[in-house]
1. Give the residue that is most open to solvent (accessible area, probe 1.4 Å), with candidates limited to residues of the range 176-233 that are under 22 Å from Y328 (Cβ atoms) and small (G, A, S).
2. Quick check, is R142 open to solvent by 20 Å² or more (accessible area, probe 1.4 Å) and under 18 Å from the mean Cα position of the chain (by Cα)?
3. Of everything in the range 1-39, what is out of contact with any strand residue (DSSP E or B) (no Cβ under 7 Å at 6 or more places or on another chain) and within 18 Å of D56 (Cα to Cα)? Give them in sequence order.
4. Among (1) surrounded by 15 or more Cβ atoms within 10 Å (Cβ to Cβ); (2) in contact with a helix residue (DSSP H, G or I) (Cβ under 9 Å, 6 or more places away or on another chain); (3) not hydroxyl-bearing (S, T, Y), there is one condition E62 misses while meeting the rest; what is its number?
5. Answer yes or no as to whether Y242 is modelled with pLDDT under 95 and in a helix (DSSP H, G or I).
6. Find the strands (runs of 3 or more DSSP E) located wholly in the range 30-118 whose residues include 1 or more that are touching a residue at least 12 places away in the same chain (Cβ under 8 Å), touching an Asp or Glu at 6+ places or on another chain (Cβ under 8 Å) and acidic (D, E), and list them.
Amino acid sequence: MKKIGMTLGKFAPLHHGHQHVIETALSEMDHTLVLIYDCPELDVCPLPIRAQWIRDLYPQVEVLEIWDGPSETGLDPAVTAKHDAYLKRKLAGRGITHFYSSELYGAHVSQALDAIDRRVDLNRTRFNISATTIRSSPFEYRQFLSPRVLQDLIIRVVFLGAPSTGKSTLTELVAKHFNTVHMPEYGREFWELHQTNRKLTQEQLLEIAVEHRRREDQLLADANRYLFIDTDATTTLQFSYYYHDVAHPELVQLANQTRDRYDYFFLCDTDFPYCDTWDRSGEVSRNAMQRRITQDLLARRIPFQILSGPLSQRLSVVVERLAASSKYGPKFDKG
């Protein structure tokens, strides 16, 4: 007889305790189903995001997204009867043989499904944590979260603008304010080492964008709610157009991904005093590059906030904008 295991939850967020239950089922069953519930009453990642965590971490699992399940919780008989009836309808014909959980509701669910009640770490001796506790301070309990989950909880904030608009200084300052890490502009570091006659090739510009993103992803492990980033692939793309009038197709593709990759975009204005260093091309070029970057944001329909004035004013605007920020909530309008 084929052994079919099932577990369920909101997985808001998915933590190592949940994963232990899923992995136990996978090790014991021929087939494993995971039911993941929508939970609009909680300020958590949307259901498709939570479902994707499980699909990515456990591609052999069958994931069912539950959009219309009962929202009541608890062991009151009226509540459990409603959940049991729903599951019996939803799983009719599935032939569930084992129900996996680390919760008291394992008793009534397994009985309703006529399945073996398989409790896993019921007393939380292996992973003494709950999703409720993690939601209260996710980055304090990051040791209980997979990097795949953690990356979808961190708010990525990118600062754009032409050279000498204060991006680098502001990015570092904001990161210190929020007690987190920041990603410096890798392009400047690369340019100083590899430029020839103050230019880079299309392939080199692609290399900049790829390495910049790789370093960003490494920093996610140390980020505290926010990761602040100086420049993205769209600016690197504009430099390719500035140098060559064309760009490497892979760089174009990376630039096209920025809208979904970052959560908040800030554009540093050119009212900052121009710093005429050897690696820059003059204030006229700065203004032209600023127009390129601004028009590119508008063409991509990316919401952004313009930052003008002295550094202290810019910092205040960023802090105010992010005070009530949400990874998956509405963003501000275009600036």
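The values are calculated or read from the model by the stated rules, or taken from the named source; none is laboratory data. Keep in mind that this is a model prediction, so the values were computed, not measured. No Cβ is skipped: glycine too gets one built from the backbone with ideal geometry, and neighbour counts run over all protein chains shown. Heads up: the accessible areas ignore ligands, DNA and RNA and are worked out on the full protein's heavy atoms, side chains in. Shrake-Rupley method; radii C 1.70, N 1.55, O 1.52, S 1.80 Å.
1. That would be A221.
2. Taking the combined requirement at face value, the residue satisfies it.
3. A12, P13, L14, H15, H16, G17, Q19, H20, E23, S27 - these are the residues of the range 1-39 that are out of contact with any strand residue (DSSP E or B) (no Cβ under 7 Å at 6 or more places or on another chain) and within 18 Å of D56 (Cα to Cα).
4. Here E62 meets the rest and fails (2).
5. Answer is yes for this residue.
6. So the answer is 62-66.
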